[in-house]
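Okay, structure first, notes after.
The values are calculated or read from the model by the stated rules, or taken from the named source; none is laboratory data. Remember, predicted model here, so these are calculated numbers, not experimental data. We place every Cβ from the backbone using ideal geometry, glycine too, and count neighbours over all the protein chains shown. Ligands, DNA and RNA are excluded from the accessible area calculation, which covers all protein heavy atoms including side chains. Shrake-Rupley method; radii C 1.70, N 1.55, O 1.52, S 1.80 Å.
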Amino acid sequence: MRVAVTGATGRTGGEVLEEAVARGYEVVFATARNPPASPAHGVDVDASEDFEALVDEHEPNVVVDFTGPDSCVAYAEACADAGVAFVTGTTGLGDDQQAALEAASDHIPVLQAANFARGVQALLALVGDAVAALPGYDVELVEAHHNGKRDAPSGTAEAMLDAVDDARERHDVDAGDAAGERVHGREGESLREPGEVGVHSLRAGDVPGEHELVVAGNHEELRLQHRATDRGVFAAGALDAADWLSGRDPGFYAFEDVVAAGSADMVGTDDGQVPGDAGGEQ
Ligand SMILES: NC(=O)C1=CN([C@@H]2O[C@H](COP(=O)(O)OP(=O)(O)OC[C@H]3O[C@@H](n4cnc5c(N)ncnc54)[C@H](OP(=O)(O)O)[C@@H]3O)[C@@H](O)[C@H]2O)C=CC1
Ligand SMILES: O=C(O)C1=N[C@H](C(=O)O)C[C@H](O)C1
């Protein structure tokens, strides 16, 4: 696969570049806004302002993007012009930016995911099940990320909140008068209204990403939590997505489609085994 990586000097793009090289993919170019003088993971990093020319010159099968909302949309549009598939994990897009990204998928395959960890796909299903099974319970969401994250709440939190709303609607849950209302943090006199969902964003240190939904009532508490313990999980998922997307028809795809298609090579071990699994031939 001929892959290009944008945001290649970033926390996540850097992991994508490293994993792409480790997998033996042909990294045809990598970009950053302020490219470093020396190669990263053996790949020269070019200035992102040359993106269109680089696409024309190197003809990647797919571009993998972890940058910011403006650049994500600009790259998607350039890929649409060049007929190159586009995978993005960039979060924090506004409504117009989201519409522009989706419009690009009229011409090319586009895959967008707020979170490329497979466990988060399972979490989203569990969130819907829990909310449907526990009508009348209070729902609160807490997410934690590193101190360099720009958007709040996180894209994953937004997806979890959508899963709460969808489940309440689909299962006709009478959640209370404030159903659908999101309350971001609380201070002062602010009594909780039935149905509202409190959303709390922590930004500290180097936390790769944690999300927890609390469903509580009737003298009990259910907590559904996902923790990314290393950013490599995002890089691996994004490259699995790139592999799956490359060569597909134009359209707007989700990471759910990739997860449904098959299991992952396990990251974090040299031999592809699940850590701690001693079974099988070595
Ligand atoms: N979907 C998922 O699974 C995940 C999504 N993310 C999302 O990915 C995005 C990037 O996060 P993270 O890696 O922490 O960010 P970083 O700030 O660590 O890195 C961003 C990278 O993008 C480049 N960049 C930033 N803005 C622009 C721009 N306007 N034009 C061109 N290049 C730009 C930066 O270059 P330079 O430093 O030179 O400015 C840098 O290389 C965020 O939206 C985050 O939420 C993150 C992890 C997982
Ligand atoms: O910015 C990050 O770091 C992350 N962003 C994504 C999000 O906004 O949900 C995914 C992951 O949690 C890491």
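The residues on offer are 152, 167, and the sole one that is open to solvent by 50 Å² or more (accessible area, probe 1.4 Å) and on the phi < 0 side of the Ramachandran plot is 152. Scanning the stretch 9-29 for residues that are closer than 20 Å to residue 56 by Cα and either in contact with a Ser or Thr (Cβ under 6 Å, 6 or more places away or on another chain) or touching a residue at least 60 places away in the same chain (Cβ under 8 Å) (or both) yields a count of 1. Among residues of the stretch 142-171 that are closer than 12 Å to residue 115 by Cβ, those with a beta-carbon under 7 Å from a residue that is among the acidic types (Asp, Glu) and open to solvent by 20 Å² or more (accessible area, probe 1.4 Å) at least six positions away or on a different chain give the pairs 143/210. Of the residues making up the stretch 149-166, those that are of a type in the set (Gly, Ala, Ser) and near ligand 2 (Cβ under 8 Å from one of its atoms) are 154, 155, 157, 159. State all residues of the stretch 175-184 that are modelled with pLDDT of 95 or more and either in contact with an Asp or Glu (Cβ under 7 Å, 6 or more places away or on another chain) or not in a strand (DSSP E or B) (or both); if no residue qualifies, say none. Within the stretch 175-184, just 183 meets the criteria.
Considered as a group, the residues in the stretch 75-100 that are more than 23 Å from residue 1 (Cα to Cα) and of a type in the set (A, V, I, L, M) include one that is nearest to ligand 2 (Cβ to nearest atom), and that residue is 93.
Test residue 35 against the stated conditions and say whether it is in a loop (DSSP other than H, G, I, E, B) and near ligand 1 (Cβ under 8 Å from one of its atoms). Yes; evaluated as a whole, the condition is true for this residue.
The set of residues from the stretch 110-123 being touching a Ser or Thr at 6+ places or on another chain (Cβ under 8 Å) and away from ligand 1 (no atom under 13 Å from the Cβ) comprises just one member, 110.
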